[in-house]
Amino acid sequence: MEILIHKSQADTLLNKGFSIFGIGNKTQEVKAIDDFVIVDGQKLPLSEFKHLKDNFYYVPRENKLVRAALFSDETGLYYKLIPTIDWPTFTLSSTPMHRHTHISPKKDTFSKISALKPFKGRVLDTCCGLGYTATVSARYAKEVYTFERDKNVIELCRVNPYSSELFENSKIILKEESILDNIGKFKDNFFNIIIHDPPTFKYSPILYSEDFYAQLKRVLKKGGKMYHYAPFVDKTKGKDFPKRIARHLKNSGFKNITFDEKSSGILAMK
Ligand SMILES: C[S@@+](CC[C@H](N)C(=O)[O-])C[C@H]1O[C@@H](n2cnc3c(N)ncnc32)[C@H](O)[C@@H]1O
């Protein structure tokens, strides 16, 4: 977990000579002394805080300010934490992984969890991301299994204070592996609740396939509930994405399939 610094916090430092850096439970009061500032044990010249961009977070590393972002040659993707009015979101190249314009990532997460209430027992969170659905689930559940196949995303979680519970809450079992390699290892009827919040279809069509949905149904207890995030991305182009997902879920044996408008997701039961 690092101190995430936003342009507005840096501007306060430059204008007033003092500021509070950071977000969540990782913050620090800082003061400019002789054109330098000490932050997170490092000494940075004030010049580092000029010319920051609004849509990035910055972290102090080796007495410099660097963006909370990275490019991976292996995946060919650019990963970046994006400031919002509350919890940061992140992008895989330019695709955001939470709703964050009309609704904040925090509200987005709570809307998904609320759609599943009453919430109890053992939860499978198929796609960890920044761990928001996993950590909020852990407030209500007995235990939460969550999977993240991309180590670069885990890297962002290690930087983001709002993801720290992922590594600290003993109810959360975080597997840095693909759900696709692991779903077959779970016993039938193992989970009370499943949260399926995959990246967009183009990144992983298999996570939207009937074969995968059939596996989800197999590991869900009878009477158990699944939530599948399903945005209306292509509605303007005449493609009703949630309707297509609902059809595949039905073909895979799920019942009581409804659309929850508030969270933009599909609820289904076994
Ligand atoms: C929309 S985000 C999930 C957001 C998450 N629910 C949260 O609360 O932050 C989707 C995530 O799924 C991950 N992912 C993609 N394919 C995966 C797979 N096969 N197994 C596990 N995670 C996967 C992506 O790397 C990305 O981080």
Of all residues making up region 114-126, the number that are within 15 Å of the chain's Cα centre (by Cα) and either free of Cβ contacts under 8 Å to residues at least 40 places away in the same chain or open to solvent by 20 Å² or more (accessible area, probe 1.4 Å) (or both): 0
Flag for Ile257 being closer than 20 Å to Ile113 by Cα, under 21 Å from the mean Cα position of the chain (by Cα) and part of a strand (DSSP E or B): no
Residues (surrounded by fewer than 22 Cβ atoms within 10 Å (Cβ to Cβ) and under 12 Å from Leu220 (Cα atoms)) located in region 154-195: Ile183, Phe186, Lys187, Asp188, Asn189, Phe190, Asn192
Count of residues meeting criterion [open to solvent by 10 Å² or more (accessible area, probe 1.4 Å) and either touching a Phe, Trp or Tyr at 6+ places or on another chain (Cβ under 6 Å) or assigned to a helix (DSSP H, G or I) (or both)] in region 136-153: 3
Positions within region 23-39 being assigned to a strand (DSSP E or B), open to solvent by 30 Å² or more (accessible area, probe 1.4 Å) and not acidic (Asp, Glu), in sequence order: Lys26, Thr27, Gln28, Lys31, Ala32, Ile33, Phe36, Ile38
The one condition in (1) in contact (Cβ under 8 Å) with a residue 60 or more places away in the chain; (2) open to solvent by 40 Å² or more (accessible area, probe 1.4 Å); (3) part of a strand (DSSP E or B) that Thr200 fails to fulfil: (3)
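The values are calculated or read from the model by the stated rules, or taken from the named source; none is laboratory data. Predicted model only: the values in this text are computed from it and were never measured. In this analysis, Cβ positions are derived from the backbone assuming ideal geometry, glycine residues included, and neighbour counts consider all displayed protein chains. Quick note on the areas: whole protein, heavy atoms, side chains included, nothing else; ligands and nucleic acids left out. Shrake-Rupley method; radii C 1.70, N 1.55, O 1.52, S 1.80 Å.
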